[in-house]
Amino acid sequence: MKLAWYSPTPPERSGIADYAALVLPSLRRLVDVDVPRRGSRRPPRNVDLNVYHIGNNPDSHAWIVEALRRRPGLVVLHDFVLHHLVAGMTIGRGDGHGYLDAMEREGGVVGRLLAHGVLDKRIPPLWESRPEDFHLAGEVLGLATGLVVHSRYVRDRARGAGYEGPIWGVPHPAWPVPAHAPAPVGGEPLIGTFGNVNASKRAPQLLEAFARLRREQPGATLLLVGATSPGFDLDRRLQRLGLDAAGVVREGYVDESRLWALMAACDVHVNLRSPTMGETSGTAIRALSLGKPLVVSDAGWFSELPDTVALKVPVDGEETATLTAALELLAGRPDVRAAMGDAANDLARREHGVDRVAELYASAFEQAAGGRAVEDAVLADIARAAADVGIGPDAPEAREIARQLSFLGPGVGGHGRG
Amino acid sequence: MRIAVCRPQVPFAHGGAEIMTDALVAELRARGHEADLVTVPFKWYPGSTVLSQAFLWRLLDLSEVDGRRVEMVIATKFPSYAVRHEEKRVWLIHQFRQAYELDGTELGQFGPDPVDRATRRKVQDLDRLALGEATRLFATSANVAGRLERSTGLVAEVLPHPPQALPYRCDGYEGFVLSASRLDRAKRIDLLLEGVALQPGLEAVIVGDGPDRDRLQGIARDRGLNGRVRFEGRVDEERLADLYGRCSAVFYAPIDEDFGMGPYEAFLSGKPVITAVDSGGPLDVVHDRRTGLVVAAEPAAVGAAAAHLRDNPDEAARLGEAGRAIAVEVTWDRCIDRLLL
């Protein structure tokens, strides 16, 4: 079987490009994969299935959506919320009407009016302020002949949005841990957080909670790695909380090698997110591979992590207090950190191994390409037998047969894989 | 207890699964249970027929029969475990191997086109669903359990079953090596024939019949083994017990076998088993230099092992007795106690 894999790939700098580089070698041992180059308008020849990787970044994924429009196929939905992508493909290209139409399609007249507010700069961009309310995934879902998702959260959101096609779940793969020595960063314990520093990564809450922790545990250190988002005044916040260089170690964007070394140095990893676009966190997966205990937001994919590997902090009025309690627990209990780390390592190996992920992908691709024909053939066998005894398509018995046949797949009996 | 033992039936064929399930029904009845065999003919080709046939099992209603409740079903091999029942036990003989480890080999069924690929995946999905429904899951060997766990993530308890009932005995070690299994390529009886050809004076008796018979007889003829290798075809129970009782060793080296009753039959006759490192199920009980000889799947290694046991009857007896100690522990009492627990 041969498929076309539309995705960003290295050297493009994106999480999904890294993802493709990780998965493709194992996948190619199972199926024949052609990777069209970025911007390609002509589909590869003789493919059985077109697979489109869609994320929320317009720079990386706009050309893939355009390819999907030309030729519908299987969509790997890395983020459920695609508002930023759609905004980039409309407003970003001077197509305000396109944005209005997209918002109206999803949010009706209210959506269109809000979109006018965005275009007139009367209200903040909705992809920042209300992304969960206006996901703008409708067009992609409408073009998808099937979906691959990395979480139950995205599956449920897709179903909630009315998607009725087949959905396959494939977990995010874990990177093999490189043989780097941990970076020499002090702290007892060292608490690390990786990624952009901004409000949606709950940086204000984390800084506040860490400041409280440090009053009890003066040896604790917070390692902040990643670019500070525009408009987020980190220095002022640190100053206000009395967090000086002894308590907080700051690094900006780091390369992959440095990233692993810094992650390996940490005793606890914090990975907070709200609102969520439905994404799976590559840094959280790396932390699992390293056998590190996690503190995460109780939201989206993060909620699906087993309790044995992650302490989950609800995004509510008590968020900072709960986060503080979680940090205090892990700071004071090395035995708990060790047990959670062991469980994390086991989870990464068992659920997120690259070969397992490739096998699940191959299964989804093969079923997406040929499953419908198989279902039709089996149904034809059964239908012939049923017709021989006078059971037509409208008979109650036919519905029961369809129900019993639901094990065959999403096209039979009305049940999806997801 | 009313128990339905479920087994697909391949008309006009009779092998290990049939022997095992027939015996299970008889042994359940002997212990006071009301047991019966439920079979549906099974044809697995062409194309998606394998799924249509599985669906037949899915439609069966074995919750009650003639107004009387069926309290348990014991399903055994694909696709009988697709049956629905609230108390479904599965004693797995094997999955549909063409969808798994045989895929892409000459024994495989599914080609590279998308429809064949999808059919194979749907068989795997069905396995995950149907086997996942089992209230208890057993496998006849570590090999079968291992394949199951690798393919579905489901963990089965290993529960071997006794071999067919024969008047087992040990009448000595007369020097010949015995092969008693169906004559098909997967049993690799050609390894034995080629091995005998390499060992002057070594003799073998081949019991059984099957599609590989002509080819095997051709090998024996081409190697000039007439007089040293005897094909006995199908034999009755008394004759089989007699051959087991008199041989020096039993050859049983199929490729990646599910379970294999041969070693148990050999051990109950006090005879060591020659098997191969890639034989699968037999390796649960055939341990090198403890209950037999485990060799490379090559004629020279097989021939040398058989000649060694012929020339060292005391060692053959010691290995065979060690095997007997294992085999006598595998009883229907123990199997049924665990199955019904």
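The values are calculated or read from the model by the stated rules, or taken from the named source; none is laboratory data. Only a predicted model underlies this, so the values are computations on that prediction, with no experimental measurement involved. Every residue, glycine as well, gets a Cβ built from its backbone with ideal geometry; the counts of neighbours run over all protein chains shown. Side chains are part of the model used for accessible areas, which takes the heavy atoms of the whole protein and leaves out ligands, DNA and RNA. Shrake-Rupley method; radii C 1.70, N 1.55, O 1.52, S 1.80 Å.
For this structure, a couple of remarks:
- Matching entry among A:VAL225, A:VAL295, A:VAL249, A:VAL268 (being touching a strand residue (DSSP E or B) at 6+ places or on another chain (Cβ under 6 Å) and open to solvent by 30 Å² or more (accessible area, probe 1.4 Å)): A:VAL249
- Candidate set: region A:1-48, residues that are out of contact with any Phe, Trp or Tyr (no Cβ under 8 Å at 6 or more places or on another chain), under 12 Å from A:PHE365 (Cβ atoms) and open to solvent by less than 20 Å² (accessible area, probe 1.4 Å); chosen: the one nearest to the other protein chains (Cβ to nearest Cβ): A:ALA4
- Among the residues of region B:161-198, the ones that are open to solvent by less than 30 Å² (accessible area, probe 1.4 Å) and farther than 18 Å from B:ALA297 by Cβ come to 9 in all.
- Hits in region A:166-183 - residues which are within 21 Å of the chain's Cα centre (by Cα) and open to solvent by 80 Å² or more (accessible area, probe 1.4 Å): A:PRO176
- In region B:80-114, the residues that are buried (at least 20 other Cβ atoms within 10 Å of the Cβ) and closer than 14 Å to A:GLN367 by Cβ: B:ALA99, B:PHE110, B:PRO114
- The lone criterion from (1) within 14 Å of chain B (Cβ to nearest Cβ); (2) among the β-branched types (Val, Ile, Thr); (3) not in a strand (DSSP E or B) left unmet by A:VAL51 is number (3).
- As a summary of the residue check, B:SER141 satisfies the conditions (1) under 28 Å from B:VAL286 (Cα atoms); (2) open to solvent by less than 10 Å² (accessible area, probe 1.4 Å); (3) within 14 Å of chain A (Cβ to nearest Cβ) except for the one numbered (3).
- Yes/no for A:THR280 being touching a residue at least 40 places away in the same chain (Cβ under 8 Å), over 21 Å from A:ALA179 (Cα atoms) and either among the small types (Gly, Ala, Ser) or surrounded by 12 or more Cβ atoms within 10 Å (Cβ to Cβ) (or both): yes
Quick grid of which residues meet (1) hydrophobic (A, V, I, L, M, F, W, C); (2) touching a helix residue (DSSP H, G or I) at 6+ places or on another chain (Cβ under 9 Å):
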site: A:GLY169; (1), (2): no, yes
site: A:GLY192; (1), (2): no, yes
site: A:ALA209; (1), (2): yes, yes
site: A:GLN217; (1), (2): no, yes
site: A:LEU224; (1), (2): yes, yes
site: A:PRO230; (1), (2): no, no
site: A:ARG236; (1), (2): no, no
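- Looking only at residues of region A:359-377 that are touching a Leu at 6+ places or on another chain (Cβ under 6 Å) and more than 7 Å from every other protein chain (Cβ to nearest Cβ), we find that the one that is surrounded by the fewest Cβ atoms within 10 Å (Cβ to Cβ) is A:ALA362.
- Matching option when the condition is part of a helix (DSSP H, G or I), of a type in the set (S, T, N, Q) and under 20 Å from B:ALA186 (Cβ atoms), among B:GLN124, B:GLN109, B:GLN98: B:GLN98
- When region A:145-154 is filtered for residues that are outside any helix (DSSP H, G or I) and open to solvent by 50 Å² or more (accessible area, probe 1.4 Å), only A:THR145 remains.
- Any pair with Cβ under 8 angstrom, 6 or more apart, that starts in region A:304-333 at a residue that is assigned to a loop (DSSP other than H, G, I, E, B) and ends at one that is acidic (Asp, Glu): A:PRO314/A:ASP298; A:VAL315/A:ASP298
- Residue check for B:LEU51: without any contact (Cβ under 8 Å) to a residue 12 or more places away in the chain and within 14 Å of another protein chain (Cβ to nearest Cβ): no
- Residue pairs whose Cβ atoms lie under 8 Å apart, separated by 6 or more positions or on different chains, with the first residue in region A:378-393 and without any contact (Cβ under 8 Å) to a residue 12 or more places away in the chain and within 14 Å of chain B (Cβ to nearest Cβ) and the second outside any helix (DSSP H, G or I) and surrounded by 13 or more Cβ atoms within 10 Å (Cβ to Cβ), are A:ASP381/B:SER48.
- The residue that is most open to solvent (accessible area, probe 1.4 Å), among those in region A:50-74 that are of a type outside the set (Phe, Trp, Tyr) and under 16 Å from the mean Cα position of the chain (by Cα), is A:ASN57.
- From A:GLY186, A:GLY142, residue being surrounded by fewer than 16 Cβ atoms within 10 Å (Cβ to Cβ), on the phi < 0 side of the Ramachandran plot and modelled with pLDDT of 95 or more: A:GLY142
- Residue check for B:LYS77: in contact with a Pro (Cβ under 7 Å, 6 or more places away or on another chain) and either free of Cβ contacts under 8 Å to residues at least 40 places away in the same chain or away from chain A (no Cβ under 14 Å) (or both): yes
- Meets criteria (open to solvent by less than 20 Å² (accessible area, probe 1.4 Å) and within 14 Å of chain A (Cβ to nearest Cβ)) for B:ALA118: yes
- Near pairs, Cβ below 7 angstrom, 6+ apart or cross-chain, from region B:57-71 (closer than 29 Å to B:VAL123 by Cβ) to any residue that is among the hydroxyl-bearing types (Ser, Thr, Tyr): B:TRP57/B:SER80; B:VAL70/B:SER63
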